[in-house]
Amino acid sequence: SVTAGNSATLNIATTSAAAAGTYPLTVTATAPSGSHTATYSLTVTGTAPSTGLVNGDLETGKVAPWTCQSGGGIVTTPVHSGSYALQAAASASQTGDCTQTVTLKPNTSYTLSGWVQGNYAYLGVSGGANASTWTISSGWTKLSVPFTTDASGSVTVYLHGWYGQGSVYGDDFSIS
């Protein structure tokens, strides 16, 4: 409640589970004379884990910092563990790519792991290293992808399906 002509302060807090990223925030003030809406950007900062991968278990319930092609995102079923998983929505015109770019130590060997489910579920890295593997599975299958970073240390982790094969799902991603 604010008296006309005065101001108010809105404080917003997150928890340590909030994934780093920028989120739209809409604030609406209402009064008998009408309402006013303003949109802001809420930026959550933090330190990425030493393996660079953020929200690998998807338990923030948000896609960020993953990005997915049209139709992809967070789902509550099927999941490998916890409450959420990632859906890559492959269609006749797209593989449904869901990606996250991470920065790792340059010229170093790593293994990307994750649990996947669906027809032609691909898990891999591109950019500063290129490696992938895939499976056809109606149940959850663990995939592992060994790779070595280049001098930049930057790689893009991805999950995708294959054209016309339907959605694939991923959960519990990690880099070691």
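Here are a few things to note about the model shown:
- Overall dimensions of the stretch 50-175 by Cα: Rg and Dmax, Å: 13.3, 39
- The string of couplings for the stretch 65-79 from the Karplus curve (6.51, -1.76, 1.60, θ = phi - 60°) is x, 5, 10, 10, 5, 3, x, x, x, 8, 10, 9, 7, x, 10 Hz, one whole number per residue in order, with x for Gly and Pro.
- Proximity of backbone amide H atoms, modeled 1.01 Å from N, is registered between G71 and no other residue at under 5 Å, excluding neighbours fewer than 5 places apart on the same chain.
- Working from label points 7 Å from Cα in the Cα-to-Cβ sense, the T101 to S176 distance is 2.8 nm.
- Percentage of interatomic Cα-Cα distances in the stretch 56-97 larger than 16 Å: 34 percent
- Charge context of I74, other residues only, Cβ under 11 angstrom, K/R +1, D/E -1: -1
- Here the gap between T76 and S137, fully extended at 0.36 nm per residue and compared with their Cα-Cα distance, gives a gain of 20.1 nm.
- Per-residue 3J(HN,Hα) values for the stretch 135-148, derived from phi via the Karplus relation 6.51 cos²θ - 1.76 cosθ + 1.60 with θ = phi - 60°, read 8, 10, 8, 7, x, 5, 10, 8, 10, 10, 10, x, 7, 10 Hz in sequence order (x marks Gly and Pro).
- Euclidean distance of C-alpha centroids, the stretch 118-154 and the stretch 37-97, integer Å: 17 Å
Since every read-out is calculated from the coordinates, none of them should be taken as a lab result. Computed from a prediction, not measured in an experiment: that's the story for all the values here. Counting neighbours? That spans all protein chains shown, and the Cβs are built from the backbone with ideal geometry, glycine included.
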